[in-house]
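Trainee: After the structure tokens below, expect a handful of questions from me.
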Amino acid sequence: MRCPKVRAKLQALLDGALPATDEARLRDHLTACEPCRGHLDSLRLIDEALSTQPEAEPRPELAPAIMARARAQRGRRRPLVPVWLEGWTLASVALGLAACGLAVSRFLPAAGLPDELAAQASGLLPVALAAAFGLFGMWYYRP
Amino acid sequence: MIAALARSANLVLLAPAGRDAGDDAALVARAREGDPSGFDEIVRRHHKRVYTLACRMLHHPEEAEDVTQEAFLNAYQRLPQLREAESVGAWICRIASNLCLDRLRSPRRHTEVPMPAPELAPADPATADEGTAETVERIRAAMAELPPKYRLAVVAYYLRGHTYEEAARLIGVNVRTFKTHLYRARQRLIAMLEDPTQTREEPP
């Protein structure tokens, strides 16, 4: 086993994630190779230095400040749309509305509208419905 | 060995257990229904972890506070969109990670200020001799020199004794990419330990 290949597997050795055969070959190499042993020691030190870091201590005012700002935001946004109505569901509903608009517009001449007006409406109605729903979605999910 | 013990201790003491995850889901439900105390409790439970993540990423206490506030308020606004309510803590950490990356990549960002002593605490004197303690200090300080995405991988992995999979999920990357970033971060840290004059370079 060559040094670069050994070094690529040293962290797995530290993690205890190497198959037994690989581990034996790696240990054989380490017995004979001082630079790779040094590399292993460095990895071990890095693991130790970073895993024993204490958590940072925030100022006691931080949590109450976040809560106060969240409370100030409350009421600005009401759940007008159920939770499940978002993302792809929103897009599907917009497409569905467009399809409904298209279907309805086909019956406009039969409903007694002049042909010219019915032709314009058949093109505009689906687009208008989908656009209105899209705008509502953008407003609702505004940053 | 010490590191492994510390990591397993962190796992036991700090990782959200099943009951906590269930509690988190209940808190999210309460907050969604408009009960202010639900979100307050989410803040109480998770703000320290989010702040720690931001501190280790930004090495600047005031910026870390800003990011923590921003992350929670962002989460509050987007609470109806959260799908896995039991993972609300990890979700807020992911929001904070992205905010940290945005700040680190901003050309307007000023130079990092080293964290004051409490945040970069010295190595445990009971477990380390003087030379080791100094090396541990150097490793923690060298974190500030890592490129942002590698730094984030290291911070996420060591935040609370996460597994590779949990840490990758925490920052929203796939496990393979995460392992690559972590591997490169460790190689850079070793290189910096061997040659302290090395400066930060953006990865290709």
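The values are calculated or read from the model by the stated rules, or taken from the named source; none is laboratory data. Bear in mind the structure is a predicted one, so any value in this text is a computation, not a measurement. Backbone-built Cβ (ideal geometry, glycine too); neighbour counts: all protein chains shown.
Trainee: Can you name every residue in the stretch A:1-15 that is part of a helix (DSSP H, G or I) and free of Cβ contacts under 8 Å to residues at least 12 places away in the same chain?
Mentor: Listed by number, the residues that qualify are A:Pro4, A:Lys5, A:Ala8, A:Ala12, A:Asp15.
Trainee: Only one of (1) surrounded by fewer than 17 Cβ atoms within 10 Å (Cβ to Cβ); (2) at pLDDT 90 or above fails for A:Pro79. Which number is that?
Mentor: Failing condition for A:Pro79: (2).
Trainee: Out of all the residues in the stretch B:24-48, which are at the interface with another protein chain (Cβ under 7 Å from one of its Cβ atoms) and either crowded, with 17+ Cβ neighbours inside 10 Å or in contact with a Ser or Thr (Cβ under 7 Å, 6 or more places away or on another chain) (or both)?
Mentor: B:Phe39, B:Asp40, B:Val43, B:His47, B:Lys48
Residue-by-condition table, conditions (1) closer than 30 Å to A:Leu14 by Cβ; (2) at pLDDT 90 or above:
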{"residue": "B:Leu5", "(1), (2)": "yes, no"}
{"residue": "B:Asp24", "(1), (2)": "no, no"}
{"residue": "B:His47", "(1), (2)": "no, yes"}
{"residue": "B:Cys55", "(1), (2)": "yes, yes"}
{"residue": "B:Thr68", "(1), (2)": "no, yes"}
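Trainee: In this structure, is B:Ala133 facing chain A (nearest Cβ under 10 Å), crowded, with 20+ Cβ neighbours inside 10 Å, farther than 29 Å from B:Arg32 by Cβ and modelled with pLDDT under 85?
Mentor: Considered against the rule, which asks whether it is facing chain A (nearest Cβ under 10 Å), crowded, with 20+ Cβ neighbours inside 10 Å, farther than 29 Å from B:Arg32 by Cβ and modelled with pLDDT under 85, B:Ala133 comes out as no.
Trainee: May I pose another question? Filter the stretch B:53-86 down to the residues that are farther than 23 Å from A:Pro54 by Cα and touching a residue at least 60 places away in the same chain (Cβ under 8 Å), then identify the one that is farthest from the other protein chains (Cβ to nearest Cβ).
Mentor: B:Glu86
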